[in-house]
Amino acid sequence: MKLLVISSYKDTWNSVRPEAEMLIGLKEHGIELEVMTQGDAEYVRRFEEMGVKVHPYHPKKKFSLASIKYIRRVLKEGRFDAVYGFNNKAICNTNFAAIGLPVKVLTYRGQTGNIEKWNPTGYLTHLNPRVDRIVCVAKATEVDLRPQVWGNKNKVCTVYKGHDLAWYNDTPVDLSEFGIPEGAFVMGSVANLRPRKGLPVLMEMTHQLPKDANIHLLLVGGGMDKPEVQAMIDASPMKGRIHLAGFRKDAPAIIAGCDVSILASTKREGLPKTVIEAMVYGVAPIVSDTGGSAELIEDGISGIKIAPGDVKAMAEGVMRLFNDRELCRAMGENARQRIGEHFNVAQSARDLAKVIKDTVNGAF
């Protein structure tokens, strides 16, 4: 069975590795893989070393006649059984390129929300009649998308992007570089400044923590230098204990130095890599129940789940771990073990191989 994957691998190595290694693992399940991506992407070398043919091309627009023609030619000449698009540019152009060809079309859906039956833009991508299967990153994404799909609801399925604990062996960053004193209890939050990431919720939570507690908050992500962020910090009773790291490529090593990881998202999450990275480093996560975040943990065992926007519950979760350091440590260890056992890359490759085979054979 032969599969063409169209995706972008221009992001950092850590960002693209779960997807790329899952795809490489398909070879062990009898699927011949070729990848279409930017020729200067860092992961190209890894693909080629593993015997994966790379087509050095990626669409620059959602609709491009040149891209449609190129993809169609590759599909015809390669006699592929299936093609799998991982982003909107790849999906939209592939839907047109595959018209009339005996190839199954799969698409990747990485978040909840923002796609409805009544919105015509959805029919350029996942809701297009040419799409045979939609592979979601989390069960929450699948549940969210199924009502929007016409016909066979089983065309929507879930395959987690797995990880390998061996990928994560960085030495935790010394947090004193951010002005955090030794012995402090540190909450880390890794998220770029976007409305749905819930920074106002997180900052409001700081108003509910004891003023004299040795608790510090470290914010990692792009956009944290904006005036509105500084205004929230200035208004917090924790003002002197809130620290900005900004955008950092070593974000996993930074969160590894924290006691707790918090993702305060209010909506439209997929399967947050930042939560996974904290978990593999044994950092206890507190996550809001949106998208696949809550699927990563067992509430109270390998993390704490709160309702989106629930400031009180978030503060209670922080204080629970602050007051019981043994529980905090154990929860972090359980989190690491959960990723290793339930969200590993070998399982992902196996599950994706089954989806591809079932899609080609019409067994869904």
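Summary of computed values
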| item | result |
| --- | --- |
| Dipole magnitude of region 209-360, debye to nearest 20 (Cβ charges: Lys/Arg +1, Asp/Glu -1, about Cα centre) | 260 debye |
| Segment LEU65-LYS226, extension gain: residue separation times 0.36 nm, minus the distance between their alpha carbons | 54.0 nm |
| Percentage relative contact order, region 1-92, counting C-alpha pairs under 8 Å, at least six apart | 40 percent |
| Cβ-derived FRET efficiency at R0 22 Å, GLU48 paired with LYS249, nearest 0.05 | 0.35 |
| Exposure ranking of PHE364, PHE185 by accessible area [1.4 Å probe, largest first] | PHE364, PHE185 |
| Region 310-364 - percent of accessible surface contributed by carbon and sulfur, probe 1.4 Å | 49 percent |
| Rounded to the nearest 20 debye, dipole of region 233-279 from Cβ charges on Lys, Arg, Asp, Glu | 140 debye |
| For region 1-91, diffusion coefficient by Stokes-Einstein and Kirkwood Rh (Cα), 4 °C, 1.567 mPa s, µm²/s | 98 µm²/s |
| The chain: antiparallel DSSP beta bridges as a percent of all, rounded to 5 | 0 percent |
| Where labels lie 7 Å past Cα in the beta-carbon direction, separation of ASN361 and VAL143 in nm | 3.0 nm |
| Förster radius 45 Å - calculated FRET efficiency between SER176 and GLU116, Cβ distance, rounded to 0.05 | 0.40 |
| Solvent-accessible area, 1.4 Å probe, carbon plus sulfur percent, for region 139-277 | 51 percent |
| Counted charge near ILE297, where neighbours are those whose Cβ lies closer than 11 Å (Asp, Glu -1; Lys, Arg +1) | -2 |
| Region 151-225, relative contact order [Cα under 8 Å, separation at least 6], % | 37 percent |
| Dipole magnitude (debye, nearest 20) for the chain, charges at Cβ of Lys, Arg, Asp, Glu | 1880 debye |
| Residue (of ALA90, GLY100, PHE47) at the positive-pole extreme of region 1-111, dipole from beta-carbon charges | GLY100 |
| Ranked order, HIS342, HIS29, HIS243 - accessible area, probe 1.4 Å, largest first | HIS342, HIS29, HIS243 |
| Mean accessible surface per residue for the chain, computed with a 1.4 Å probe while every protein chain stays in place, in Å² | 43 Å² |
| For region 111-158 versus region 67-96, the gap between their alpha-carbon centres in whole angstrom | 19 Å |
| Distance (nanometres) between label positions extended 7 Å along Cα→Cβ at ASN154 and MET1 | 1.5 nm |
| For region 288-334 versus region 1-26, the gap between their alpha-carbon centres in whole angstrom | 31 Å |
| Virtual spin-label span in nm between GLU316 and ILE301, 7 Å along Cα→Cβ | 2.1 nm |
| Charge dipole (the chain, unit charges on Cβ, about Cα centre) - positive-most of MET36, THR12, ALA235 | MET36 |
| The chain: relative contact order in percent, alpha carbon pairs under 8 Å with at least 6 residues between | 16 percent |
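The values are calculated or read from the model by the stated rules, or taken from the named source; none is laboratory data. Since the structure is predicted, the reported quantities are computational estimates derived from the model, not experimental observations. Because the Cβ atoms are built from the backbone with ideal geometry, glycine has one as well, and the counts that use them run over all protein chains shown. Accessible surface is based on the protein model in full, side chains and every heavy atom, while ligands, DNA and RNA are left aside. Shrake-Rupley method; radii C 1.70, N 1.55, O 1.52, S 1.80 Å.
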